[in-house]
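Enquirer: The structure follows.
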Amino acid sequence: MKTIIFRLMIVVLLFGALMWGNESGKQISILCYHRFAPQVNDAMTVKTSEFSKQLAWLKENGYTVIPLEMAVQYLKGEIDIIPDKPVVITVDDGHKSVYFEMSPLVKQYHIPVTLFIYPSVISHTKYAMTWEQLRELEATGLFRVESHTYWHPNFKKEKKRLSPTMYEQFVTVQLGKSKRILEEKTGHEIKYLAWAFGIYDQELESKAEQEGYRAAFTIERRHADRGDRVMSIPRYMIVDQYTLKAFQNIVEKNQ
Ligand SMILES: [Zn+2]
């Protein structure tokens, strides 16, 4: 009798541990960069040498940079196994420094990077990359282009400015046109969206779903886990002011 009770207890404990472990699963730090430069000009620019130190630290400390796709599949419960200490690297806005400053390090460390692009500026403005450069980056197999709306609007302001019908049309264009153009230019499906200025609400979340996005990303400062809504997955914005220690604290969740 004692053995049976003992065995039952073991089963209950194991089951409990399994359920507890699966509740929200692993936590993933998804990082969001903007620009890189040898010398820093503004807060959103990270010094190339700092970025290099961050990548070295991640590697030396057993972190694995995983593709955004893998993170989303895990967060949605479509896959259960991902590397320990997972980190995702994303870059918003398509600044040309991604091509000139960041990409040599990405190639050196051979890590996957997602670029959230708003197509209206590509090949149009001095500060943005060209379609050719984006194609070249994707051809390395390390970079993947996803959507950051069509022209990076402030949805909060537009909602106040436009009538409800006009606003709805506006949102449809911003989410849908971006996806279509990027699909045409890259030749692959565009599955993910980063909210411009991190602005979103439930209405926008359902719009993004309707337009065919599988997940969308904010800039709320916390790790992502299975408890997050798939249309508002948090990311940490990495800015120039962070020392390597501050970066470590973010990734290690000690902040
Ligand atoms: Zn942006």
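Enquirer: Identify, by number, the condition in (1) crowded, with 17+ Cβ neighbours inside 10 Å; (2) not in a loop (DSSP other than H, G, I, E, B) that Phe100 doesn't meet.
Expert: (1)
Listed here are the residues, each with its yes/no results for (1) in contact with a helix residue (DSSP H, G or I) (Cβ under 8 Å, 6 or more places away or on another chain); (2) under 16 Å from Trp151 (Cα atoms).
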site: Arg180; (1), (2): no, yes
site: Thr186; (1), (2): yes, no
site: Ala194; (1), (2): no, yes
site: Gly198; (1), (2): no, yes
site: Gln202; (1), (2): no, no
site: Ala208; (1), (2): yes, yes
site: Glu211; (1), (2): yes, no
site: Asp225; (1), (2): yes, no
site: Ile233; (1), (2): yes, no
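Enquirer: Which of the residues that make up the stretch 120-148 are in a loop (DSSP other than H, G, I, E, B) and at negative phi? Walk me through it before giving the result.
Expert: Filtering the stretch 120-148 for residues in a loop (DSSP other than H, G, I, E, B) gives 122-127, 129-130, 140-142, 148.
Residues satisfying the conditions are Ile122, His124, Thr125, Lys126, Tyr127, Met129, Thr130, Thr140, Leu142, His148.
Enquirer: Looking at His95, His110, His124, can you tell me which residue is over 23 Å from Glu189 (Cβ atoms) and within 15 Å of the ligand (Cβ to nearest atom)?
Expert: On the way: His110 fails: within 15 Å of the ligand (Cβ to nearest atom); His124 fails: within 15 Å of the ligand (Cβ to nearest atom).
The match here is His95.
Enquirer: If Val65 meets every condition in (1) on the phi > 0 side of the Ramachandran plot; (2) more than 16 Å from the ligand (Cβ to nearest atom) apart from one, which number is that one?
Expert: Of (1) on the phi > 0 side of the Ramachandran plot; (2) more than 16 Å from the ligand (Cβ to nearest atom), only one is false for Val65: (1).
Enquirer: Find all pairs meeting these conditions: Cβ atoms under 7 angstrom apart; at least six residues apart or on different chains; first residue within the stretch 89-101 and over 19 Å from Pro112 (Cβ atoms) and aromatic (Phe, Trp, Tyr); second residue more than 11 Å from the ligand (Cβ to nearest atom) and part of a loop (DSSP other than H, G, I, E, B).
Expert: Matching pairs, first to second residue: none at all.
Enquirer: Where in the stretch 149-255 are there helices (runs of 4 or more DSSP H), lying wholly inside it, with at least 1 residues that are touching a residue at least 40 places away in the same chain (Cβ under 8 Å) and farther than 25 Å from Trp131 by Cβ? Explain how you work it out, then say what you get.
Expert: Working: elements: 155-161, 164-186, 202-210, 244-252.
Hits in the stretch 149-255: 155-161, 202-210, 244-252.
Enquirer: Residues that are over 19 Å from Phe116 (Cα atoms), crowded, with 17+ Cβ neighbours inside 10 Å, of a type outside the set (D, E, K, R) and at pLDDT 95 or above: does the stretch 43-51 have at least one?
Expert: Taking every residue of the stretch 43-51 in turn, at least one turns out to be over 19 Å from Phe116 (Cα atoms), crowded, with 17+ Cβ neighbours inside 10 Å, of a type outside the set (D, E, K, R) and at pLDDT 95 or above.
Enquirer: Somewhere in the stretch 23-42, is a residue among the hydroxyl-bearing types (Ser, Thr, Tyr), crowded, with 19+ Cβ neighbours inside 10 Å, in contact with a helix residue (DSSP H, G or I) (Cβ under 7 Å, 6 or more places away or on another chain) and under 21 Å from Tyr192 (Cβ atoms)?
Expert: Let us first name the residues in the stretch 23-42 that are among the hydroxyl-bearing types (Ser, Thr, Tyr), namely 24, 29, 33.
Pick out the ones that are also crowded, with 19+ Cβ neighbours inside 10 Å and you get 29, 33.
Those left that are additionally in contact with a helix residue (DSSP H, G or I) (Cβ under 7 Å, 6 or more places away or on another chain): 29.
Checking which are under 21 Å from Tyr192 (Cβ atoms) leaves us with 29.
Yes, that holds for at least one residue.
Enquirer: Would you check if Ile111 is in a loop (DSSP other than H, G, I, E, B), at pLDDT 95 or above and closer than 25 Å to Arg214 by Cβ?
Expert: Values: in a loop (DSSP other than H, G, I, E, B): yes; at pLDDT 95 or above: yes; closer than 25 Å to Arg214 by Cβ: yes.
Yes: the conditions hold for Ile111.
Enquirer: Kindly establish whether His223 is closer than 25 Å to Thr45 by Cβ, within 16 Å of the ligand (Cβ to nearest atom) and surrounded by fewer than 21 Cβ atoms within 10 Å (Cβ to Cβ). Step through it out loud before you land on a result.
Expert: On the way: closer than 25 Å to Thr45 by Cβ: yes; within 16 Å of the ligand (Cβ to nearest atom): no; surrounded by fewer than 21 Cβ atoms within 10 Å (Cβ to Cβ): yes.
Judged against the criteria, His223 is not a match.
Enquirer: Residue by residue through the stretch 37-55, note down the ones that are of a type in the set (Gly, Ala, Ser) and either touching a strand residue (DSSP E or B) at 6+ places or on another chain (Cβ under 9 Å) or in a loop (DSSP other than H, G, I, E, B) (or both). First the steps, then the outcome.
Expert: Here is the first cut: in the stretch 37-55, the ones of a type in the set (Gly, Ala, Ser) are 37, 43, 49, 52.
Of everything in the stretch 37-55, those that are of a type in the set (Gly, Ala, Ser) and either touching a strand residue (DSSP E or B) at 6+ places or on another chain (Cβ under 9 Å) or in a loop (DSSP other than H, G, I, E, B) (or both) turn out to be Ala37, Ala43.
Rundown of residues vs (1) under 23 Å from Gly25 (Cα atoms); (2) modelled with pLDDT of 95 or more; (3) among the aromatic types (Phe, Trp, Tyr), yes/no style:
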residue: Val173; (1), (2), (3): no, yes, no
residue: Lys179; (1), (2), (3): no, yes, no
residue: Glu183; (1), (2), (3): no, yes, no
residue: Trp195; (1), (2), (3): no, yes, yes
residue: Gly198; (1), (2), (3): no, yes, no
residue: Gly212; (1), (2), (3): no, yes, no
residue: Asp228; (1), (2), (3): yes, yes, no
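Enquirer: Hey, can you tell me all the residues within the stretch 56-72 that are surrounded by fewer than 18 Cβ atoms within 10 Å (Cβ to Cβ), without any contact (Cβ under 8 Å) to a residue 60 or more places away in the chain and assigned to a helix (DSSP H, G or I)?
Expert: Answer for the stretch 56-72, where residues must be surrounded by fewer than 18 Cβ atoms within 10 Å (Cβ to Cβ), without any contact (Cβ under 8 Å) to a residue 60 or more places away in the chain and assigned to a helix (DSSP H, G or I): Ala56, Lys59, Glu60.
The values are calculated or read from the model by the stated rules, or taken from the named source; none is laboratory data. Keep in mind it's a predicted model, so treat the numbers as computed, not measured. When we count neighbours, we look across all protein chains shown, and the Cβ atoms used for this are built from the backbone with ideal geometry, even at glycine.
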